[in-house]
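Structure in structure tokens, see below.
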There are 2 protein chains.
Amino acid sequence: MVHNFNAGPSILPATVFEQAAAAIHDFNGTGLSILETGHRTPVFEAVMQEALDLSKELMHLSDSKEVMFLHGGATTQFFQVPMNFLPDNGKAVYLDGGTWGSKAAGEARLYGDANVIASSKDRNYTYIPKGYQIPPDAAYFHLTTNNTVEGTQMWEFPDTNVPVVADMSSDILSRQMDFNRFDFIYAGAQKNIGAAGVCMVVIDKDLLGRTCRKVPGMMDYRKHIENGSMLNTPPVFAVYVCLLTLRWLKELGGVAAIEALNRQKATLLYETLDALPVFIPTVDPADRSHMNAVFVMEDPALEKEFLQLCKAEGMVGIKGHRSVGGFRVSMYNALPLDSVRTLTDLMKHFAQKH
Amino acid sequence: MVHNFNAGPSILPATVFEQAAAAIHDFNGTGLSILETGHRTPVFEAVMQEALDLSKELMHLSDSKEVMFLHGGATTQFFQVPMNFLPDNGKAVYLDGGTWGSKAAGEARLYGDANVIASSKDRNYTYIPKGYQIPPDAAYFHLTTNNTVEGTQMWEFPDTNVPVVADMSSDILSRQMDFNRFDFIYAGAQKNIGAAGVCMVVIDKDLLGRTCRKVPGMMDYRKHIENGSMLNTPPVFAVYVCLLTLRWLKELGGVAAIEALNRQKATLLYETLDALPVFIPTVDPADRSHMNAVFVMEDPALEKEFLQLCKAEGMVGIKGHRSVGGFRVSMYNALPLDSVRTLTDLMKHFAQKH
């Protein structure tokens, strides 16, 4: 038994693996593998449509929202967003809550003024910046809802009339929120949506109308919407894995149900960490992420031993990001509560020993 | 038994399907699915490295070439190439041999002057333009080696000192050629390389030095090379399917072996078409593609009947592209000779009947 705490690509439901493997042998009884199925076939067009529809349904999106599945991962959105929405003489504002938000701001500077409005870099991104003002003339305000590397998560969002762009790569569909309050959402699929190689984008039609310069076809959200996410050959298999995962989530009871499970997992882990002085969570309690828990050890000399113990017990992916060190335990939607329980039991055992 | 003549995504070797499905259950004995395996794990880093190395080996690339696996498909290269190599006041020249080359030229015009140097649009792209001059001051010369939609293929290439950029999406690795004579090659994987969702790029280091403007990180070939095609999360599974397909090709005897098989298939099909007056190949004989054969029927009223007959016999993907009509038979590397034989037998039977 392997317990997979990988930060992404990460664990997906077992039923998704089964169905995905079956479709590689024979896709929907066509006698063809999904890997050799044309994207402009009714059988794949149905996959894409259902994936788009299910995304809207699970996020309770209003009619003013459009969903796309795009190539290139969230990192492509770092520049595609300003390329479309930040005019040469315009200004965008960024919340610098971690590694990825900081990179996003860097890419935006190629197109216009990208101001970091607040940052938690002073304390290694161990908290979410608060108490900032969003200038009313900004082209948009960019934030990261969950910082995968540092283990912080935004639990409150500012009120503003400026369009809000949210990178939700590591916590989309993991908790209930009013997805409609965001004008633009993007999320690499390889955590809570499906397999690596595709990025989900949600856009408000009003923002779409603010496209400010001529952009290449593949960078033009309007063209992707017009073509139902099939402007060119989509990443067929990755989209199918998303569909299977979205179906699983719906079956489970949707975002409300998974939120409850995610809260259970995170509560168990953080309560264990707080109770055992040998472990030190690095993030301010109010800003702790339910997706990625980051901690170090009181005695750094013990880290290697704990890591080896975890490995011996079949736990993978808990080594911290190279920029932070220590440990990172990722608890995405598909991670069973049992995996967290096995880990916390091991932690208690380890703490008793030391 | 299904005979898959899809134009792409298209047939892959049966052994690739088997191994890909097995890796979804358990990737290399790790106890994890490849879909939940981190890209920065030794087991996946080895996949990426072997895929890059095998690509170089199969194309006999010199040390001045670098290979990348990128997101976004060939359509992203339509703009990424001029974004990197066409200066604002510079000029690139394009060979307009079909739908895709024409689109590539259109995207380049966003960045500089993109002149169509020769075109076969006058006769619906049923031949390869010849006898043109490449201006020596061009930033690069862009061509499409095989026109998927129209069924033409370039069998000769012009001598020039100008950097040559080649879209080889639909015939890469299908025939022997001096790949080193091209300064830039790109190819969507979903025909001869592997699964949809990844694009192979080969670049000469000399061209790399001619990068002419500051570009976003994800659009910067130098950054992708520095990061071994893992600048961000790569399309893990699609890259793995490429590796399996490249291994299969090497096992078979490499490009020389597959070229011989591809010639057999194309010869059988074209000889059959030429011998049966009921079928009319649309392309000039000298420019016929060994990958995509396009034809119509002498009596268009019979097309529906033939299509239905093919369908009843388990042949899929032979309907012509909507812009051309008639039929298109794609015969990529993994298509068995037997599939072409079954189709040509049916053609003879059909011709006798009418």
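The values are calculated or read from the model by the stated rules, or taken from the named source; none is laboratory data. If you're wondering where the values come from, they're calculated on a predicted model, not measured in any experiment. In this analysis, Cβ positions are derived from the backbone assuming ideal geometry, glycine residues included, and neighbour counts consider all displayed protein chains. Side chains are part of the model used for accessible areas, which takes the heavy atoms of the whole protein and leaves out ligands, DNA and RNA. Shrake-Rupley method; radii C 1.70, N 1.55, O 1.52, S 1.80 Å.
Quick one: which residue in A:Thr75, A:Thr41, A:Thr99 is within 14 Å of chain B (Cβ to nearest Cβ), buried (at least 21 other Cβ atoms within 10 Å of the Cβ) and either closer than 26 Å to B:His321 by Cβ or of a type outside the set (A, V, I, L, M, F, W, C) (or both)?
A:Thr75
Further question: When the range B:65-83 is examined, which residues are found to be part of a helix (DSSP H, G or I) and under 18 Å from the mean Cα position of the chain (by Cα)?
The answer is B:Gly73, B:Ala74, B:Thr75, B:Thr76, B:Gln77, B:Phe78, B:Phe79, B:Gln80, B:Val81.
Still on this model: Please list, ordered by first then second residue, the pairs with beta carbon atoms under 7 Å, 6 or more apart or interchain, first in the range A:298-318 and under 12 Å from A:Val329 (Cα atoms), second of a type in the set (S, T, N, Q).
What qualifies is A:Val316/A:Asn4; A:Val316/A:Asn6; A:Gly317/A:Asn4; A:Gly317/A:Asn6; A:Gly317/A:Ser330.
Could you look through the range A:219-230, keep only residues that are within 15 Å of A:Leu52 (Cα to Cα) and without any contact (Cβ under 8 Å) to a residue 60 or more places away in the chain, and pick out the one that is most open to solvent (accessible area, probe 1.4 Å)?
Result: A:Glu226.
Give the range B:231-284 a look and list any residue that's of a type in the set (Lys, Arg) and under 28 Å from B:Pro42 (Cα atoms), or say none.
If the condition is that a residue be of a type in the set (Lys, Arg) and under 28 Å from B:Pro42 (Cα atoms), then B:Arg247, B:Lys250 are the ones that fit.
I would also like to ask the following. Checking the conditions here, which among B:Asn28, B:Asn6, B:Asn89 is touching a Gly at 6+ places or on another chain (Cβ under 8 Å), open to solvent by 40 Å² or more (accessible area, probe 1.4 Å) and either in contact (Cβ under 8 Å) with a residue 12 or more places away in the chain or not in a helix (DSSP H, G or I) (or both)?
The match here is B:Asn89.
Give me the residue from the range B:9-25 that is open to solvent by 20 Å² or more (accessible area, probe 1.4 Å) and in contact (Cβ under 8 Å) with a residue 60 or more places away in the chain and, out of that set, nearest to B:Leu337 (Cα to Cα).
The selected residue is B:Ile11.
Hey, does the range A:227-243 have a residue that's more than 14 Å from chain B (Cβ to nearest Cβ) and aliphatic (A, V, I, L, M)?
no
Restricted to the range B:282-323, and to residues that are open to solvent by 80 Å² or more (accessible area, probe 1.4 Å) and in contact with a strand residue (DSSP E or B) (Cβ under 9 Å, 6 or more places away or on another chain), which residue is nearest to the other protein chains (Cβ to nearest Cβ)?
Step by step, filter the range B:282-323, then rank; the result is B:Lys319.
Given the condition within 27 Å of B:Met230 (Cα to Cα), within 12 Å of another protein chain (Cβ to nearest Cβ) and of a type in the set (D, E, K, R), answer yes or no: does some residue in the range A:3-25 qualify?
No.
Restrict the check to the range B:262-279 and report whether at least one residue is open to solvent by 50 Å² or more (accessible area, probe 1.4 Å), closer than 21 Å to B:Val340 by Cα, of a type in the set (Lys, Arg) and more than 14 Å from every other protein chain (Cβ to nearest Cβ).
Yes.
Which condition breaks for A:Val116 when tested against (1) open to solvent by 20 Å² or more (accessible area, probe 1.4 Å); (2) assigned to a helix (DSSP H, G or I)?
So the condition that A:Val116 fails would be (2).
Please specify each residue of the range A:140-150 satisfying the condition of being over 12 Å from the mean Cα position of the chain (by Cα) and within 17 Å of A:Asp284 (Cα to Cα).
A:Glu150
Being free of Cβ contacts under 8 Å to residues at least 60 places away in the same chain and either within 14 Å of chain A (Cβ to nearest Cβ) or open to solvent by 10 Å² or more (accessible area, probe 1.4 Å) (or both) is the filter here, so list the residues in the range B:156-177 that pass it.
Within the range B:156-177, B:Glu156, B:Phe157, B:Pro158, B:Asp159, B:Thr160, B:Asn161, B:Val164, B:Met177 meet the criteria.
Give me the pairs, please: first residue somewhere in the range B:109-124 and over 16 Å from B:Val283 (Cβ atoms), second residue anywhere and of a type in the set (Lys, Arg), beta-carbon distance under 6 Å, and either six or more positions apart or on two chains.
B:Asp113/B:Lys91
Here's a follow-up. Report whether or not A:Ala257 is part of a helix (DSSP H, G or I) and within 14 Å of another protein chain (Cβ to nearest Cβ).
No: the conditions fail for A:Ala257.
Looking at the range A:50-64, is at least one residue within 14 Å of chain B (Cβ to nearest Cβ) and either within 18 Å of the chain's Cα centre (by Cα) or outside any helix (DSSP H, G or I) (or both)?
No; the residues of the range A:50-64 include none that is within 14 Å of chain B (Cβ to nearest Cβ) and either within 18 Å of the chain's Cα centre (by Cα) or outside any helix (DSSP H, G or I) (or both).
How many residues, within the range B:197-217, are in contact (Cβ under 8 Å) with a residue 24 or more places away in the chain and either out of contact with any Pro (no Cβ under 8 Å at 6 or more places or on another chain) or open to solvent by 10 Å² or more (accessible area, probe 1.4 Å) (or both)?
Adding up the residues that qualify gives 14.
Given the conditions (1) more than 14 Å from chain B (Cβ to nearest Cβ); (2) open to solvent by less than 20 Å² (accessible area, probe 1.4 Å); (3) out of contact with any Cys (no Cβ under 8 Å at 6 or more places or on another chain), report the number of the one that A:Asn124 does not fulfil.
Going through (1) more than 14 Å from chain B (Cβ to nearest Cβ); (2) open to solvent by less than 20 Å² (accessible area, probe 1.4 Å); (3) out of contact with any Cys (no Cβ under 8 Å at 6 or more places or on another chain) one by one, A:Asn124 breaks only (2).
I'd like to know if the range B:53-63 contains one or more residues that are small (Gly, Ala, Ser), assigned by TED's automatic domain parsing to the domain that holds B:Ser120, open to solvent by less than 10 Å² (accessible area, probe 1.4 Å) and within 26 Å of A:Ile24 (Cβ to Cβ).
yes
Looking at A:Arg288, A:Arg341, A:Arg263, A:Arg247, which is the one that is within 30 Å of A:Ile193 (Cβ to Cβ) and more than 21 Å from the chain's Cα centre (by Cα)?
Unique residue meeting the criteria: A:Arg341.
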